[in-house]
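Just below is one structure, and these are the notes that go with it.
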Amino acid sequence: MSFLLKNGTLVTPGGVLTGDVLLRGERIAAIGSHLPCPLGTEVLDCTGKLVLPGCIDTHTHFEMNKGLPNETADDWASGTLSALCGGTTTVLDFAEPERGASLQSALDTWHSRAEGHASCNYGFHMTIKDWNEAIRAELPAMAKQGVSSYKIYLAYQLRVSDAVAYEAVKAVSALGGVTGCHCENGELVELGVKEQKARGNLGPRAHPAARPPAVEAEAVCRYLAIAERAGGAVNVVHLSTKRGLELARAARDRGQPVYLETCPQYLLLDDSVYDLPGFESAKYVFSPPARSREDVEALWEAVADGSIDTVGTDHCSFTTEVKALGREDFSGIPNGMPGVEDRLRLLYTYGVAAGRIGLERLVELLSANPARLFGMWPLRGALAVDSIADIVIYDPNITERISTKTNHSACDYDPYEGMEVRGRVDTVLLGGEVAVSEGKPVRTGLGRFVHRGGAQFWR
Ligand code: MN
Ligand code: MN
């Protein structure tokens, strides 16, 4: 099937223009004004609408903790459907080996969960928990299988030592990949949790108190020092604080290649979410936690001035029933929340429509930069001739409220419930096929694994 996207506002790598996009098969065949319509081509009128390259979510956790009481609500079917309906055509999820197991075992497991179930395309970041010669020797095999990005943690039980972080960054970097890091000081978090409990603070309000900004700042500082010594480019995932941002900027000023991801929750929510009545605030127990207004404003400035490179959701959906595992003790509340469907609308509304960022910056954050950093550019992340026709047609003329009633996540709440958003994802094309039409999914299960190459660094 061929499509002619007619008379839209096109956000291309060369700028924003009004024109047409001709698709042939799974590729973009032509971009221009008043393109002729070949025989057998279906016209999609894009007048008054935005035509964007499909969004890439750099950070999801679908079907996490599988089989355990704290399993996520979204599996690969519902998670990727939710992503698709929100204008995300590719997600990068975190494959995680069991302790002591090979990277290959995790890759095989994640493939088996996603294949045949995914409604958007997908790739995997590989989590490094252990480090030894066998793991090191697996890295080239991962690259051959299209996995070029890694993740380590400085918090939680799966946290690695500074020496392992160093070895991982060095080895991944030598293969042209990038290592992302969850930057919180795990020991300080555990200490903070103990302190809160000793004071009798057992509700969700104690969650942010146990992991204040200093806990992130220390880990960002340490990770950047480790990366400097290892000599590799690194990515700080879900950056939440002004202090962390300042440390990253200082490192960049010294010439260090540092990439920064933040998430909609650090731009749209603040720590007042921990003052909700009863156990409501458990919905907002995610890590790092929602921060102060000052942090929120600093991150928006960084989104606008180019300091932030990508915005991923950290979609990690637990139902309110699963959140209740921590009803008597906040440290038992599973960390995470949904949001994979809301990212484009939130960033369009509170970024573009609010006058904080332009359309080109929006596309950089949600599509182009993720494609570059994670080895997919320019086949994906660009509205350009010869690129894959993963495309979003966005209608900015509609005002709606976010609601679990209309979104597609299997989670029973949406953290942005009731929030007013400008615009809606009208149509999504996945590999040149219409997967969403008039805001509704019309083709599911079209998602394919994206074999990724090395990072294309720009810092
Ligand atoms: Mn994390
Ligand atoms: Mn995460």
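Each value in this text was obtained by applying a stated rule to the coordinates, not by laboratory testing. Keep in mind that this is a model prediction, so the values were computed, not measured. Please note: Cβ atoms are built from the backbone with ideal geometry, for glycine as well, and neighbour counts cover all protein chains shown.
Numbers below:
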quantity	calculated
Stretch gain in nm, segment A198-D386, where the contour uses 0.36 nm per residue and the Cα spacing is subtracted	61.6 nm
Vicinal HN-Hα couplings computed from phi for the range 328-336 (Karplus, 6.51 cos²θ - 1.76 cosθ + 1.60; Hz; Gly/Pro x)	8, 7, 4, 6, x, 6, x, 7, x
Residues of the range 170-211 with amide N under 17 Å of a point placed 7 Å along Cα→Cβ from R327	202-205
Spin-label pair N70/A250, simplified geometry with 7 Å Cα→Cβ offset, distance in nm	3.3
Karplus-derived HN-Hα couplings along the range 391-408 (A = 6.51, B = -1.76, C = 1.60, θ = phi - 60°), whole Hz, x at Gly and Pro	9, 10, 9, 10, 9, x, 8, 10, 10, 9, 10, 5, 8, 5, 5, 10, 8, 10
Largest-first ellipsoid semi-axes for the range 352-459, taking √(5λ) over the Cα gyration tensor eigenvalues, angstrom	26, 19, 14
Under DSSP loop assignment and at most 12 Cβ neighbours within 10 Å, longest GluC sites (Glu not before Pro)-free interval of the chain	99-327
Gyration tensor (Cα) of the range 33-153, equivalent ellipsoid semi-axes in angstrom	35, 18, 12
Whole-Å distance, taken between Cα centres, linking the range 9-27 and the range 319-395	21
Residues in the range 40-55 reached by a label modelled at S2 [backbone nitrogen below 15 Å; 7 Å Cα→Cβ]	40-44
Chain lengthening between T18 and Q456 when straightened (0.36 nm per residue, less Cα-Cα)	154.8 nm
Qualifying trypsin sites (Lys or Arg not before Pro) in the range 166-265, DSSP loop, other Cβ atoms within 10 Å at most 13	R199, R254
Quotient of Cα Rg and 2.2 N^0.38 Å for the range 54-373, N being how many residues it contains	0.93
Violating pairs (Cα-Cα greater than 32 angstrom) within the set K151/K242; K6/K242; K66/K440; K283/K440	K6/K242
Length-normalised contact order of the chain in % [C-alpha pairs under 8 Å, at least 6 apart]	22
